[in-house]
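Everything below concerns the one structure shown next.
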Amino acid sequence: YTAGHLGIQWAWFMVSEAWNGVFSSSNAPTPYGQSDTIKAVVVMTDGQFNTVRGSNGNASLSADLARQMCSAMRDKEVWVFSVGFELNNEDARQVLRDCAGTADRFFLAEDGESLRTAFASIALQLNNLRLSR
């Protein structure tokens with residue numbers, strides 16, 4: 001069972017300025033909209049979005065919550081990358097596609113080498129953005 005929406009929620013917490021009171025000042029997330037800051041999260045899973053409150057009878061709810069949070073992050077100009085590792089479930093793959101929002105931010109990796117390639121591509125996209133600003 002995988003409550004994938006919870007991982008996405010925590011990823012958002014880590015970059016959200018709403019959590020400034022939790023982290024020390026040097027580690028606090030910067031406000032949204034700073035021109036010198038790129039906010040990005042990487043969502044990676046090898047499981048399905050099929051569990052809410054310990055029950056796997058809520059698969060569609062977990063997937064819907066994941067999509068809603070990813071969309072809300074993207075609305076705040078957070079770059080959402082998603083990586084499915086050895087992910088054979090098409091429904092879970094679709095959630096990750098939807099979370100990323102664009103094809104160039106969605107990756108499938110079947111082994112260690114393709115996982116390294118996915119993360120290298122993510123790093124390249126972030127570095128290119130930083131260099132062009």
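The values are calculated or read from the model by the stated rules, or taken from the named source; none is laboratory data. What you see is a predicted model, and the numbers here were worked out from it, not measured in a lab. All Cβ positions, glycine included, derive from the backbone under ideal geometry; neighbour counts span all protein chains shown. Just so you know, the surface numbers come from the protein's heavy atoms only, side chains and all, with ligands and any DNA or RNA stripped out. Shrake-Rupley method; radii C 1.70, N 1.55, O 1.52, S 1.80 Å.
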> For Ala18, are the conditions met, namely being open to solvent by 80 Å² or more (accessible area, probe 1.4 Å), hydrophobic (A, V, I, L, M, F, W, C), at negative phi and part of a helix (DSSP H, G or I)?
Replying inline: yes
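Table: residues versus (1) touching a Gly at 6+ places or on another chain (Cβ under 8 Å); (2) free of Cβ contacts under 8 Å to residues at least 12 places away in the same chain; (3) part of a strand (DSSP E or B).
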residue	(1), (2), (3)
Met44	yes, no, yes
Gln48	yes, no, no
Gly57	no, yes, no
Ala66	yes, no, no
Ala72	no, no, no
Gly84	no, no, yes
Asn88	no, yes, no
> Looking only at segment 109-125, which residues are closer than 28 Å to Leu61 by Cα and surrounded by fewer than 17 Cβ atoms within 10 Å (Cβ to Cβ)?
Replying inline: Glu110
> Any idea how many residues of segment 70-99 are within 16 Å of Ala40 (Cα to Cα), aliphatic (A, V, I, L, M) and crowded, with 21+ Cβ neighbours inside 10 Å?
Replying inline: 4
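Checking the structure you have, find out if any residue of segment 23-33 is touching a Cys at 6+ places or on another chain (Cβ under 8 Å) and assigned to a helix (DSSP H, G or I).
Initial filter on segment 23-33 (touching a Cys at 6+ places or on another chain (Cβ under 8 Å)): none.
So far as segment 23-33 goes, no, none of its residues is touching a Cys at 6+ places or on another chain (Cβ under 8 Å) and assigned to a helix (DSSP H, G or I).
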> Residue check: is Glu77 part of a loop (DSSP other than H, G, I, E, B) and among the charged types (D, E, K, R)?
Replying inline: yes
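Taking segment 1-13 as the region of interest, how many residues are among the aliphatic types (A, V, I, L, M) and either in a loop (DSSP other than H, G, I, E, B) or exposed (fewer than 14 other Cβ atoms within 10 Å of the Cβ) (or both)?
Taking segment 1-13 and keeping what is among the aliphatic types (A, V, I, L, M), we get 3, 6, 8, 11.
Then keep just the ones that are either in a loop (DSSP other than H, G, I, E, B) or exposed (fewer than 14 other Cβ atoms within 10 Å of the Cβ) (or both); that gives 3.
Adding up the residues that qualify gives 1.
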> Restricting segment 9-64 to residues that are touching a strand residue (DSSP E or B) at 6+ places or on another chain (Cβ under 7 Å) and of a type in the set (S, T, N, Q), which is modelled with the highest pLDDT?
Replying inline: Thr45
> Quick one: is Gly33 farther than 20 Å from Leu126 by Cβ and exposed (fewer than 14 other Cβ atoms within 10 Å of the Cβ)?
Replying inline: no
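Using the structure shown, decide if Arg67 is open to solvent by 60 Å² or more (accessible area, probe 1.4 Å), within 18 Å of His5 (Cα to Cα) and in contact with an Asp or Glu (Cβ under 6 Å, 6 or more places away or on another chain). Give the derivation first.
On the way: open to solvent by 60 Å² or more (accessible area, probe 1.4 Å): yes; within 18 Å of His5 (Cα to Cα): yes; in contact with an Asp or Glu (Cβ under 6 Å, 6 or more places away or on another chain): yes.
Yes, satisfied.
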